[in-house]
Amino acid sequence: MDIQTIGIVGAGQMGNGIAHVMALAGYRVLLTDVSQDALDNALAIIRKNLDRQVSREKIGQSDKDAALDRMTTTLKLSDLGRSDLVIEAATERETVKQAIFEDLLPHLKQDTILTSNTSSISITRLASRTDRPEKFMGFHFMNPVPVMSLVELIRGIATSKETYDSCLKVVESLGKTAASAEDFPGFIVNRILMPMINEAVYTLYEGVGSVLSIDQSMKLGANHPMGPLELADFIGLDTCLAIMNVLHDGLADTKYRPCPLLTKYVEAGWLGRKSGRGFYDYRGDEPVPTR
Ligand code: NAD
């Protein structure tokens, strides 16, 4: 299928990044959200990030202008009806996503491909509640979208080869690389990454190492660009805990049990960078370990 217009639902952290890369690659982008503030904020962030790419000479001023020209924001979900591909990137709650698909379906063309950027919800289950399980799949970007070169493409049990191939072409046109994943909890990246982060928290919890020694060990000893606790703060500790719970429930194996210390940080509201404090305290000039 020839994809030219891409609808994006949700203009948060991921939605604005997806809109940015799609418009820059030449697609018409229709970006929607329930909140006008979120849409205004998304456009401001996209402009700022495009400006940064211009100043670093990664793109020209005309590329930036053309990308912004190809982008339309709207509060009306039904405006996405003319999309060839829809990427849902709204809040990670199954009821929210299900309501979006229900409201959107009557407005879609018959051949529109529907996808979700969900990190943890079953693609097969989301697809089963639509009229087009064979045209439904997971389109999972990494954060920050303009920087990270991987996209996981997740097949639900019913996803057709044509749907997969169309999405693969879109990923390649962005200059990104697709990893094909089957629809099981955590897909590939989070299935491997989150247990490592959780194990780092256990290592801290059991007093094997301090925050600094754990992060230093993995940076200097395993050549990771960021330590696991630093990375957990970047992702958000609530998100890490939610994904561990999905692995634990979905795979029914105690090896995925979330570390009680991770739960405690989340209960304290110490969610990482976004709340000013997590395994590090970000409220001063330099991050300071909290343990
Ligand atoms: P976010 O909270 O930054 O943004 C979510 C946006 O969805 C908000 O602007 C909210 O107003 C909007 N929204 C809520 N209900 C809506 C509705 N009914 N219609 C339209 N918009 C609605 O969240 P995010 O971090 O951008 O995550 C979005 C999705 O991407 C989630 O499914 C998440 O699992 C996934 N994801 C997140 C990351 C990450 O690192 N943050 C990485 C990969 C995938």
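The values are calculated or read from the model by the stated rules, or taken from the named source; none is laboratory data. Bear in mind that the values here come from a model prediction, so they are computed numbers and not experimental data. Cβ coordinates were reconstructed from backbone atoms using ideal geometry, including for glycine residues, and neighbour counts include every protein chain displayed.
Every residue, every condition in (1) in contact (Cβ under 8 Å) with a residue 40 or more places away in the chain; (2) within 16 Å of the ligand (Cβ to nearest atom), yes or no:
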| residue | (1), (2) |
| --- | --- |
| Gln4 | yes, no |
| Ala11 | yes, yes |
| Gly17 | yes, yes |
| Val21 | yes, yes |
| Leu30 | yes, yes |
| Val34 | yes, yes |
| Ala42 | no, yes |
| Ile46 | no, yes |
Requested in this report: Take the stretch 139-152 and flag every residue that is under 18 Å from Ala127 (Cβ atoms) and either hydroxyl-bearing (Ser, Thr, Tyr) or over 12 Å from the mean Cα position of the chain (by Cα) (or both).
Outcome: none
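Residue-wise test of (1) modelled with pLDDT of 95 or more; (2) among the acidic types (Asp, Glu).
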site: Ala232; (1), (2): yes, no
site: Ile243; (1), (2): no, no
site: Lys255; (1), (2): yes, no
site: Lys264; (1), (2): yes, no
site: Glu267; (1), (2): yes, yes
site: Lys274; (1), (2): no, no
site: Asp281; (1), (2): yes, yes
Report summary line: Here the qualifying pairs (Cβ atoms under 6 Å; residues six or more apart or on different chains; first in the stretch 247-267 and surrounded by 15 or more Cβ atoms within 10 Å (Cβ to Cβ); second among the basic types (Lys, Arg)) come out as His248/Arg257
Report task. Please enumerate the residues belonging to the stretch 1-60 that are within 14 Å of Asn117 (Cβ to Cβ) and out of contact with any helix residue (DSSP H, G or I) (no Cβ under 7 Å at 6 or more places or on another chain). Result -> Gly10, Gln13, Met14, Gly17, Ile18, Val21, Met22
Query raised in the report: Take the residues of the stretch 257-278 that are within 22 Å of the chain's Cα centre (by Cα) and in a loop (DSSP other than H, G, I, E, B): which is nearest to Ile243 (Cα to Cα)?
Result: Pro258
Report task. Considering (1) surrounded by 14 or more Cβ atoms within 10 Å (Cβ to Cβ); (2) part of a strand (DSSP E or B), say which one Ser180 fails and leave the rest. Result -> (1)
Query raised in the report: Residues of the stretch 119-170 being more than 16 Å from the ligand (Cβ to nearest atom), under 30 Å from Lys64 (Cα atoms) and part of a loop (DSSP other than H, G, I, E, B), which ones?
Result: none
Report summary line: Within the stretch 106-118, the count of residues that are in contact with a strand residue (DSSP E or B) (Cβ under 8 Å, 6 or more places away or on another chain) and either of a type in the set (Gly, Ala, Ser) or more than 10 Å from the ligand (Cβ to nearest atom) (or both) comes to 6
Query - Test result for Leu108, touching a His at 6+ places or on another chain (Cβ under 8 Å) and buried (at least 19 other Cβ atoms within 10 Å of the Cβ) - result: no
Query raised in the report: Among the residues of the stretch 91-105 satisfying the criterion of being free of Cβ contacts under 8 Å to residues at least 40 places away in the same chain and more than 21 Å from Gln13 (Cα to Cα), which is nearest to the ligand (Cβ to nearest atom)?
Result: Asp103
Query - Residue count for the stretch 223-242, restricted to those that are among the aliphatic types (A, V, I, L, M) and either crowded, with 21+ Cβ neighbours inside 10 Å or under 12 Å from Ser275 (Cβ atoms) (or both) - result: 5
Requested in this report: Determine, yes or no, whether Leu68 is aliphatic (A, V, I, L, M) and in a helix (DSSP H, G or I).
Outcome: yes
Query raised in the report: Taking the stated definitions as given, is Lys135 surrounded by fewer than 20 Cβ atoms within 10 Å (Cβ to Cβ), in contact with a Ser or Thr (Cβ under 6 Å, 6 or more places away or on another chain) and touching a residue at least 24 places away in the same chain (Cβ under 8 Å)?
Result: no
